[in-house]
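To start, the structure under review is shown below, and the notes come after it.
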Amino acid sequence: PVNKPILVNLESEDAIHSFFVPSFRLKQDAVPGMKIRVWFQATEAGTDELACAELCGLGHYRMRAMVTVHTQEDYDKWLADQIAQHAQTVASR
């Protein structure tokens with residue numbers, strides 16, 4: 001959610017990767033065998049690109065994702081939907 005600190009736990013299994021979200025001014029390496037914590041606090045809702053900024057191997061160019069920052073209301077709705085889906089999955093077992 002907007003204006004809330006978000007903690008990210010970084011780990012790598014194969015090579016050094018770099019968790020990079022330019023709009024958050026955030027860049028942190030993920031190193032094999034290490035657990036690294038990094039945090040950010042987004043100030044507005046929206047979608048931003050997350051990229052690996054370390055030349056980490058053959059598939060490096062495909063290492064892209066999106067980070068979506070929600071308003072508190074949208075996040076609360078998403079969380080309620082996730083809880084309901086989980087409850088439905090558990091009930092159907």
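For the reader, a short list of remarks on this structure follows.
- Put simply, the amide H of Leu10, placed in the peptide plane, has neighbours under 5 Å in Ile36, Arg37, Val38, leaving out anything fewer than 5 places away on its chain.
- Among Asp48, Asp81, Asp29: highest mean-square fluctuation, GNM of the chain, C-alpha pairs under 10 Å: Asp81
- For Leu26, distant residues with modelled amide H under 5 Å away: Val21
- Between 0 and 90 degrees, the angle of helix 72-91 with respect to the longest Cα principal axis of the chain falls at about 80 degrees.
- Across the protein chains, with a 1.4 Å probe defining accessible surface, the residues Ile16, Ile36 rank Ile16, Ile36 from largest area downward.
- Around the Cα centre of the chain, unit charges on the Cβ atoms of Lys, Arg, Asp and Glu (plus for the first two, minus for the last two) sum to a dipole of about 140 debye.
- Among the listed values [x] 15.7; [y] 13.9; [z] 15.1, the one matching Kirkwood radius over Cα pairs in Å as calculated from this structure is [z].
- Sequence-distant contacts, meaning Cα pairs under 8 Å at least 6 residues apart, place the relative contact order of the chain at 29 percent.
The values are calculated or read from the model by the stated rules, or taken from the named source; none is laboratory data. Please read all numbers here as calculations on a predicted model, not as lab measurements. A quick note on method: Cβ atoms are made from the backbone with ideal geometry, for glycine too, and the neighbour counts reach across all protein chains shown. The accessibility values were calculated without ligands, DNA or RNA, using every heavy atom of the protein model including side chains. Shrake-Rupley method; radii C 1.70, N 1.55, O 1.52, S 1.80 Å.
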